[in-house]
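Novice: Quick one: the structure is below, and I'll ask about it shortly.
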2 protein chains.
Amino acid sequence: MASRSRVSLALRKTRISPASTSKLFRPLIQARYQSTATTEDTEGIAKGTTGTSKTIKFTSETYPSIKRDSKFAQITEEHVNHFKQLLGAESAVIDGVTKDATDDLEPFNGDWMRKYRGHTKLVLKPGSTEEVSNVLKYCNDNMLAVVPQGGNSGLVGGSVPVFDEIVINMSRMNQIRSFDEISGTLVVDAGVILEVADGYLGERGHIFPLDLGAKGSCHIGGNVATNAGGLRLLRYGSLHGSVLGIEAVLPDGTIVDDLSKLRKNNTGYDLKQLFIGAEGTIGIITGISVLCPQRSSAINVAFFGLESYEKVQLAFKEAKGQLSEILSAFELMDSHSQDLVHNVTKNKRPLESEHPFYCLIETSGSNSEHDNEKLEKFLEYVMENDIVSDGVVAQDSTQVKSLWGWREGIPECLGHWGGVYKYDLSIPIAELYDLVNETRDKITAAGLLGDTPDHPVVGVVGYGHMGDSNLHLNIATRRYDKSVEKVLEPFVYEWIAKRSGSISAEHGLGLAKKNYIGYSRSQTMIGLMKQIKNLYDPVCLPPPFSYDMSGNEVNGIMNPYKYI
Amino acid sequence: MASRSRVSLALRKTRISPASTSKLFRPLIQARYQSTATTEDTEGIAKGTTGTSKTIKFTSETYPSIKRDSKFAQITEEHVNHFKQLLGAESAVIDGVTKDATDDLEPFNGDWMRKYRGHTKLVLKPGSTEEVSNVLKYCNDNMLAVVPQGGNSGLVGGSVPVFDEIVINMSRMNQIRSFDEISGTLVVDAGVILEVADGYLGERGHIFPLDLGAKGSCHIGGNVATNAGGLRLLRYGSLHGSVLGIEAVLPDGTIVDDLSKLRKNNTGYDLKQLFIGAEGTIGIITGISVLCPQRSSAINVAFFGLESYEKVQLAFKEAKGQLSEILSAFELMDSHSQDLVHNVTKNKRPLESEHPFYCLIETSGSNSEHDNEKLEKFLEYVMENDIVSDGVVAQDSTQVKSLWGWREGIPECLGHWGGVYKYDLSIPIAELYDLVNETRDKITAAGLLGDTPDHPVVGVVGYGHMGDSNLHLNIATRRYDKSVEKVLEPFVYEWIAKRSGSISAEHGLGLAKKNYIGYSRSQTMIGLMKQIKNLYDPVCLPPPFSYDMSGNEVNGIMNPYKYI
């Protein structure tokens, strides 16, 4: 009974009111195909985003300094015929070499943010690991560059060609191979869509240990190749821990058969880890074995207002301590981001009062009564200790969605005025928000921020995955203006470098951040990374690095012009 | 109130009785130094274990086929003087080259299981990363082989020399570098003892995400180098997920500065993963950054009897589902193991009735009332559905220790009669116990198992970390008998290979399992692993592999004769 009386107290003290039930946003999955504006997984750097009506500019025009490497062969009719024979199925080859297929090729040439566009004339869709092996070996033997492509939902231009690289699209490898309900081990083809796998698991009481906005289209192979972070990382950890095994194909056709289903296996170097986050630069992932947790039956979401970033940190520490094993998300949003969301959606705000900071907390557990009690106790504590000023708890799944909308809707709303400069950063937690303040100060001092059309900047906002120390710094603009970029760069990167942060917390390098890795990694580390690239798929050709361990020549054909 | 009445029902139906409070075993940490018999972390292959009184046989005599590689230089007085100058401190060099220091060197030459013994005449104890770098560079330049050594608590002979390799002992690098209470990120020197780090974290409301019997002596650097599994893996995952950064030194002296404190950092290949589980064959880990979870305030332990392995699997599935986020251990013990423990300790058994299988479940959570309720509900379910036949729940921390004793005491008790053949295996969970039955049948059929002294085998037992699908198959013997080994090998390895299991789930390869890796890895994988070894520390000398990326010669000096 003691805990019950505490609950009532908490309810009174926290002035918890039913959350707005209005539908704030279209489902995120749909939004991806309807707009160039951004959803949860679009928090990369998108400069001068253009409207849907315009044709995407070729990457080769945007980045004129990148030249096609003349060592790569031009694709001929002979090559195409060979691939048609190799893959058999008519639908496995989109051939723009021997005929005009521009429209069919366009979805594979461009990214969904409409920022990158390549010139490929050939898309191959292998249907098995053996076919991937045959294709890659032939490409390597014939000096044909390739770009591996999953759901093509990346943010840094990693999954589309720059020039005429052959697109190896994995969508035909879409089978769930096996699932063990006792151990929770799922084995899938690389081309299985994340949402399909999660749905399959849901019917069996499990979840995929990764969740992100693009789940309706992204491939698990692509998630692993880019080491996707997303919404469940705080709870279920990174893919480096949950992926148990990988099957991949090296450029010389070698099949890396490391598809272990075992949770423990200390027999030699853990090579599969190199493919997690390699962005298709050393091989193509064809199969994944992953440990999937039990699905939680109880989900709670609370939304708070706080008066300072110091209090946000205190709230996070308390949430970790008190909500402990049931805490599944702790998201941060500043008032600037919420003002812009409100400005666009006109939806009723979750809290009546306004605060400099807001946090969204999600709990997932196996017992809703227990979880409610823990959450209420936590609420009571943070209210009584003046850590949190006001709060609201979702009463049903509609309200859960509504509260999440104030967090997940930020990227889309920021795109409302035009372009958005986006930085996906990892920063030691104590200093995380300082960057947003400093950036806003600089933009303001330069006279660039204002409510009137003569100011290019609409707002400088900070939000992100507090639980992972992952800040999304976004600068919403009315138009492209070189003076804004001059204030931002290299300032932001240098600020990150000084604090040993990461210039790409979860989105990877691709083409967009290839030249900025030096801000997050030492020359020694970059050198060691190039050594790995050279081991599997040499880009520089002096011996000893143009032959693999079997003496086969390898030629740097994997996803060129990108990564490191 | 509904849940309360269910609890009473459970208590009645399960015949839960207070567990025996007798102290079953000395603390495991002490046991390590007092006996050759095994504690939790000794479940490797220990053939023909000898008593404490005998001198350890030299590895070079046990394995006469391994010859000292003549490419390595003999250590001279000049080398020793150089190291003395390099390391400064008198205590940093144990010099058996210019004088007799056999007694001082002995603890560094032999392993604690008394199975492996080397011939080193020089132990170096660098005090900083720079000193490690200087030492390794000099060794590499002078073709001096080395063996990195942490707490020397390994089970496969990986941390002691085979011949005269120089021991680089990390015990002087024992500082906790930093801890961030908000994020839970701990940064330590490699030589910090696991228990010291865990104690430090305990005072700050956190725990180290790894626990094992040797924690009083093992180094965190050694844990990471061997990818230690242990008792908390079911809950907190593997080190591949929790280690955020590594600082290491390559044989040419290069310092790998990958000591990130960030949870997310997608900027290039995740090279630190190669050092996790590399057993000191490509470099020496000098610093580690690791994400540490909050310490749970509530711990519960229950002990059950079950009638079949099928029911064990059902109980595990239910525990995962119902105990979900608070389940922290699910350990399996067969009746044979418990009979032998009882035979040695004479302690009162936790349950009055006897059963073919026993399980120990541990929960760790933030709210003891909630955890108790979940556990009782689970108990009620498994009893009512005839999954579990009888059970007992610990009432206090003494009983928690007592129940754990029936699991953790197995290795020590098995050593009571003489030697123990030990296999540390990972097997798809459905077939996990089949191997124990088949092995016992074969040993029985060969007439080797019996209660009388003319039978070499006392018992064939299975136990282990059910939650990780990790079986410890142990064969307790009265004496070394070649006929036992002939029944066991290659039978056990072939059985594992057929089921794509692992011949070393958590103990690594070292010297003991170097020649068996082919049962768990394909020739392709072994080839790719050798490529990694050759990249950092070439063992075979044909070009291109005797120079690193900077053009420095490297010579295969890192922990030779072991691993792959």
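Novice: Give me the lysines in straight-line cross-link reach of A:K99: C-alpha distance below 16 Å, same-chain residues under 8 apart excluded.
Specialist: Qualifying lysines at Cα under 16 Å: A:K84, A:K121.
Novice: How big is the dipole moment of chain A about its Cα centre under a simple scheme where the beta carbon of each Lys and Arg is +1, that of each Asp and Glu is -1, and everything else is neutral? Debye, nearest 20, please.
Specialist: Dipole about the Cα centre, nearest 20: 580 debye.
Novice: Quote the charge dipole size of the stretch B:196-328 about the Cα centre in Debye, to the nearest 20; the model charges only the Cβ of Lys and Arg (+1) and of Asp and Glu (-1).
Specialist: Computed about the Cα centre, the dipole is about 400 debye.
Novice: Here's a follow-up. If I take every Cα pair under 8 Å that is 6 or more residues apart in the stretch A:101-222, average their sequence separation and divide by the length, what percent do I get for the relative contact order?
Specialist: That works out to 24 percent.
Novice: Another question about this same structure. At a 10 Å Cβ-Cβ cut-off, how would you order A:Y493, B:Y236, fewest neighbours first?
Specialist: A:Y493, B:Y236
Novice: A follow-up question, please. Could you state the angle between the C-alpha long axis of helix A:309-322 and the longest principal axis of the C-alpha atoms of chain A, as a value from 0 to 90 degrees rounded to the nearest 10?
Specialist: Between helix and principal axis, roughly 90 degrees.
Novice: Moving on to the next point. For B:T185, what residues show an amide H to amide H distance below 5 Å, using hydrogens built from the backbone and excluding near sequence neighbours?
Specialist: Under 5 Å from the amide H of B:T185 lie the amide H atoms of B:D180, B:C292, each far enough along the sequence or on another chain.
Novice: Using a cut-off of 16 Å between alpha-carbon atoms, which aspartates and glutamates can reach B:K533, once sequence neighbours fewer than 8 places away in the same chain are excluded?
Specialist: B:K533 reaches A:D270, A:D548, B:D252, B:E279, B:D548, B:E553.
Novice: Assume the label is 7 Å from Cα along Cα to beta carbon: what separations in nm does A:K498 have to the matching positions in the other copies?
Specialist: 6.5
Novice: Continuing with the same structure: Placing the label point 7 Å from Cα along the Cα-to-Cβ direction, what are the distances from A:E352 to the equivalent spots in the other copies, shortest first, in nm to one decimal?
Specialist: So the label point of A:E352 gives 6.3 nm to the other copies.
Novice: Could you work out how far the C-alpha centroid of the stretch B:282-325 sits from that of the stretch A:74-140, in angstrom?
Specialist: Using only Cα atoms to place each centre, the spacing works out to 47 Å.
Novice: On to the next question. Could you state the angle between the C-alpha long axis of helix B:129-141 and the longest principal axis of the C-alpha atoms of chain B, as a value from 0 to 90 degrees rounded to the nearest 10?
Specialist: Value to nearest ten degrees: 60.
Novice: Where does helix A:335-345 land angle-wise versus the long Cα axis of chain A, in degrees 0 to 90, nearest 10?
Specialist: Between the helix axis and the principal axis of chain A, the angle is about 80 degrees.
Novice: Continuing with the same structure: By its C-alpha gyration tensor, with a ≥ b ≥ c as the square roots of the eigenvalues, how is the protein assembly as shown shaped: rounded for a/c under 1.5, else prolate for a/b larger than b/c, else oblate?
Specialist: Here the protein assembly as shown falls in the oblate category.
Novice: Copy-to-copy spacing for A:D141, label 7 Å out on the Cα-to-C-beta vector, in nm, shortest first?
Specialist: 4.8
Novice: B:K320: which lysines have alpha carbons under 17 Å from its alpha carbon, excluding same-chain residues fewer than 8 sequence positions away?
Specialist: B:K311, B:K374, B:K377
Novice: Shifting gears a bit: Quick one: compute the contact order of chain B, relative version, from alpha carbon pairs under 8 angstrom and 6+ residues apart, as a percent.
Specialist: The normalised contact order for chain B reaches 19 percent.
Laboratory data are not the source of any read-out in this text; all were calculated from the coordinates shown. None of these values were measured; they are calculated from a predicted model. Note that each Cβ is placed from the backbone with ideal geometry, even for glycine, and that neighbours are counted across all protein chains shown.
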